[in-house]
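First up is the structure itself, then whatever we jot down about it.
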Amino acid sequence: MNINHIAVISKQNNGLLKFTKREITNNYIDIIDRLKEMEQNSNRTILDMQQCFVKVFAKKDYFDMCWPHSYSSSYISGIGYPKYLTYDEYESMLKKELDTLKGSELQNNELENKIQKYKQELKYDFLNRCIKYIHGYNFKLEKSKIINESEIIMSSSERIGFTNYTYNVNEDVVISINTNFGYGYSSYFLLSMKYKGIEILPYSAMIHYYHANIIELKRYTRQYDLVRDSWNVAFDFVVESVNLATTNTDVFIKKFIINEVNEMVLGLKNIACHPNTEIKRFLDNSNKSLINGMCYSVRNISWNEKIDYKVYWNEMDIAFKAEKITGALMFLEQLSELVEIFPAIQTSIDEIKSLNINLAPEIERTIADIAAKINKDCLKSEKLEESIENLKKQIIPHEENIKKLQASCSNDSEKVQIKEKYRSDEKNAEYARLCSELDKLQRENSELKGHVQKRRNFIEQLKECQNRIQTYIKAA
C-alpha cells in the first residue's frame, strides 16, 4: 500500500469476499503543479504561494494519518494545515535572517545570495507541506466514500495510535484488526480471527521457530510487519480463510484448526525424542526470514545462542525441549474450548499432558546435574581467587616502587610508560612473571564465573518449566 491506494475487502453477491486496491483520486494535481512552478520562479514568494493554496483550501483540516512516516516511527503527528505567514511575519523573518547574516561579515552580493536561498527554503518547505496536506485530503475523501459503500466491509487505515476495528464478516467469522502506528517500539499490527466464537490461533508456529512467545501467540491469529505492504498480506489472508470457511467448512476446519494442532503435537513429539536434531535444524536455517504474519512473537536462533550451543549443548537441548513441551500447556484452555465442537482435539490435549508428565523427572534430574556442575565450578573459583589474592599481595611492593617513579609524572600517558618500562626491565623479571600469572588466573576465573552464571540461567529456565507442569497438570 502507498498514498495512491487504499486496500479494501468487499462482499460480493454470492457472499464471498474480494480483495482490491482502491485508487485514490489525484485531485488538485493542478494546484500542486502551480505551486511547484511558483516555487521555482524567483519572482514569486511564499506569500504568493499561500494565496494560491488558500483560494482552494480555505478550511483548515487535520488528518489523523501516519503517512508519510513509517508505522514504526515515534513522536509523530498527523497532517495539519500548512503554516500561514502574514506579510508582517514574513518581513520580520527576512529582517531577522539579514541581521544574522550581517554579523558574519559577508559581501553585499553574498548577503543577497544568502537571502535568496533563505526565501527559496521557505517556499520549498511550504510546497512540501501543501503536497502532504493535499494527499491527506484526497485520502480522507476516498476513505469517506469507502465507508459509505455497504458492500465494502474492511479497508486499510493510516490512523496514529491505538485503534481497534471489529468486522462481523458473516454469521460464523469475526475479524479484529488492532494497530498502534507511530509509537516506536510499542507499535504493532495485529489480526484476530474467531470462528463460531473460537479464536483461531497459530499453534504450529511454536515448533517452526527456535523461540516462540506463547503468551503472544495465544492473543492473536497473525502479527504483521510494520510496513504498508502488510495490509496486502493481511487482507489476502482474510479473503482466503473466510472464503474457505464459507465454501468448504470441513477444509477450513482441517487447515486452520485440526492441522495446526496436529502439526504442533507431532513437532512436540519429535522434540521430546530428538531435541538436538531439532536444534541443529534451526542452526542450519538461522538466517531464514520470518513469515509476515508471525513477526513479534517468534524469532530464529540468535548468533549468541549458536555460539553457546558449542559449549552448553547438553543444557540447551533439555532447556529447549522443556520450553517447547511445557509451553504447549499454555494452550490447554484454548484447546479445551475446541473439544466441544471437535472431540478429536481431546486426544491432542492428552498427548500434551503425557509429554509433560514424562518430562518432569528429566527436568528434575537435569537441574540436579547442572547444580552439581555449578558447585564444582564455584569451588574452583574460590581456589583461583585465593591464588589471585596471594599474587596481588606479592605484587604490592612492586606497585609501590612504580608509584614512587610516577610521582613526577604530569599525565596518565607518562605514568603508563613508566609502568611498562618497569615491567620490561630484566631486573624486575619477577614482577613481570607475577603480572602474567595474575592475568592468566583472572581470565580463567572470569571464564569460570561466566559458566556458572550461564548454568544458573538454565536452572532458572528449567524451574519455570517445572512450575508450568505444576500449574497446568498437577494442580488440575
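The values are calculated or read from the model by the stated rules, or taken from the named source; none is laboratory data. Computed from a predicted model, the values in this text were never measured in an experiment. Cβ placement follows ideal geometry from the backbone for every residue including glycine, while neighbour counts extend to all protein chains displayed. All accessible areas refer to the heavy atoms of the entire protein, side chains included, with ligands and DNA or RNA removed. Shrake-Rupley method; radii C 1.70, N 1.55, O 1.52, S 1.80 Å.
S424 versus S150, label points 7 Å from Cα toward the beta carbon: distance in nm?
9.2
For the stretch 302-319, take each phi angle, set θ = phi - 60°, evaluate the Karplus expression 6.51 cos²θ - 1.76 cosθ + 1.60, and give the result in whole Hz per residue in order, putting x for glycine and proline.
Couplings: 8, 4, 5, 5, 5, 5, 4, 5, 5, 9, 10, 4, 5, 5, 5, 4, 6, 5 Hz.
In whole Å, what is the distance between the alpha-carbon centres of the stretch 1-72 and the stretch 160-178?
27
In whole Hz, what ³J(HN,Hα) sequence does the stretch 369-378 give by Karplus (6.51, -1.76, 1.60; θ = phi - 60°), x for Gly and Pro?
With the stated coefficients, the stretch 369-378 comes to 5, 5, 4, 5, 5, 5, 4, 5, 5, 5 Hz.
At a Cα cut-off below 15 Å, give the aspartates and glutamates reachable from K254, other chains included and same-chain residues fewer than 8 away excluded.
Within the straight-line cut-off, K254 pairs with E199, E240, E263.
How would the stretch 215-343 be classified by its alpha-carbon gyration tensor: rounded, prolate or oblate, with rounded meaning a/c under 1.5 and the a/b versus b/c comparison settling the rest?
Oblate, because a/c is 1.5 or more while a/b does not exceed b/c.
Under 19 Å between alpha carbons, and skipping anything fewer than 8 positions from K119 in its own chain: which aspartates and glutamates qualify?
E37, E39, D48, D88, E89, E91, E97, D99, E110
Filter K392/K421; K380/K404; K288/K440; K280/K440; K55/K143; K18/K324 down to the pairs with a C-alpha to C-alpha distance above 30 Å, please.
Distance filter (> 30 Å) returns K380/K404; K288/K440; K280/K440; K18/K324.
Give a residue-ordered list of calculated ³J(HN,Hα) values for the stretch 407-416 (Karplus: 6.51 cos²θ - 1.76 cosθ + 1.60, θ = phi - 60°; whole Hz; x for Gly, Pro).
Whole-Hz 3J(HN,Hα) from phi for the stretch 407-416: 4, 8, 6, 9, 8, 5, 4, 5, 5, 5.
Using square roots of five times the C-alpha gyration tensor eigenvalues, list the equivalent-ellipsoid semi-axes of the chain in whole Å, biggest first.
They are 56, 48, 14 Å, listed largest first.
Among all the aspartates and glutamates, which ones have a C-alpha under 17 Å from K427's C-alpha, if same-chain residues fewer than 8 places away are not counted?
Straight-line reach from K427, under 17 Å: E399, E400.
Counting C-alpha atoms alone, how compact is the stretch 116-233: give Rg to one decimal and Dmax as a whole number, in angstrom.
My reading of the Cα-based Rg and Dmax gives 19.6, 67 Å.
Using the basic label-point model (7 angstrom from Cα toward the beta carbon), what is the L101 to V56 distance in nanometres?
3.1
Sorting check: for 383-395, 128-140, 359-371, which peptide has the highest mean count of neighbouring beta carbons within 10 Å, and how do the rest follow?
Result, highest mean first: 128-140, 359-371, 383-395.
Note down the relative contact order for the chain as a percent, whole number, built from C-alpha pairs under 8 angstrom at least six residues apart.
Computed over the chain, the figure is 13 percent.
For V416 and E89, FRET efficiency with R0 = 56 Å and r from the beta-carbon atoms, rounded to 0.05?
0.40
On the protein heavy atoms, probe 1.4 angstrom, tell me the percent of accessible surface of the chain carried by carbon and sulfur.
About 48 percent, which is the carbon plus sulfur part of the accessible surface.
If packing is taken as the average count of other Cβ atoms within 10 Å, what order do 447-453, 62-68 fall into, highest mean first?
62-68, 447-453
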